[in-house]
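Only one structure is covered here, and it is reproduced in the block below.
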Amino acid sequence: MAANRKIALHYLQHPSWSALPKEDRQLLELAAKAARNAYAPYSKFKVGAALRMEEGEVVPGSNQENASFPAGICAERTALHAALAVMPDSTVECMAIVVPQVRGSRPVTPCGICRQALVEQERRQKGPIRLLMGVMRGPVIETFSADTLLPLSFDSSHLARRRKA
Ligand code: THU
């Protein structure tokens with residue numbers, strides 16, 4: 001008989017930025033500012049991200065598109081890879097994501113590829129990355145790891161278990 005398994009998704013929904021500690025608000029502000037540097041002539045959807053390393057360094061990112069659409073890269077991975085390119089052994093503590101032009105109560109959440117990249121970094125640094133997804137002057141969704149957003153994910157442990165051809 002099949003086992004009936006469930007995965008619970010734990011996150012916080014803050015009513016506004018003011019409910020957050022100062023350093024989280026600053027990271028959200030930086031993410032919003034980073035969106036100004038987005039290159040999004042095709043989607044016209046400017047996304048900003050900002051991450052904070054354990055040592056306190058802050059790295060911004062924005063989406064960078066291309067006429068060959070799949071060559072474009074999201075704000076989250078721009079920030080993540082920029083940070084790790086110069087601080088390969090550091091730990092990413094937190095990432096904020098903001099799309100200033102989006103209004104309402106539903107913050108933009110990372111796409112599947114970015115979730116995969118964030119989960120890989122969590123495995124690499126052996127620790128969670130907190131995510132803050134905020135609407136300007138609106139609510140913020142907080143997760144305590146990227147893994148929360150990508151349960152049952154594929155990772156390098158699957159590669160290690162492959163059988164020899
Ligand atoms: N995008 C991001 O940068 N981050 C997200 O979380 C969602 C989507 C970008 C990709 C593309 O440049 C544009 O937004 C529209 O999908």
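The values are calculated or read from the model by the stated rules, or taken from the named source; none is laboratory data. Quick caveat, the model's predicted, so the values are computed rather than measured. Here the Cβ is made from the backbone with ideal geometry for all residues, glycine too, and neighbour counts use every protein chain on show. Heavy atoms of the whole protein, side chains included, go into the accessibility calculation; ligands, DNA and RNA do not. Shrake-Rupley method; radii C 1.70, N 1.55, O 1.52, S 1.80 Å.
Listing for the model above:
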item	result
Partners for K44 among lysines (Cα-Cα distance below 18 Å; same-chain residues under 8 apart left out)	K33
Using alpha-carbon coordinates, inclination of helix 22-34 to the longest axis of the chain, degrees	80
Förster-model FRET efficiency, 30 Å R0, A2 and S105, C-beta, rounded to 0.05	0.25
Per-selection metrics, the chain (Cα): Rg and Dmax in Å	16.6, 56
Beta bridges by DSSP in the chain, antiparallel share as percent, to the nearest 5	75
The chain - accessible surface per residue (Å², probe 1.4 Å)	60
Degrees separating the helix 75-86 axis from the principal Cα axis of the chain, which is the longest one	70
Top of A67, A34, A85 by mean-square fluctuation, Gaussian network on the chain, Cα under 10 Å	A67
With DNA, RNA and ligands ignored, accessible area of M136 (1.4 Å probe; Å², nearest 10)	40
Folded to 0 to 90 degrees: helix 112-125 orientation relative to the chain principal axis, Cα	70
Modelled FRET efficiency - R0 25 Å, A19 with F45, Cβ distances, 0.05 increments	0.40
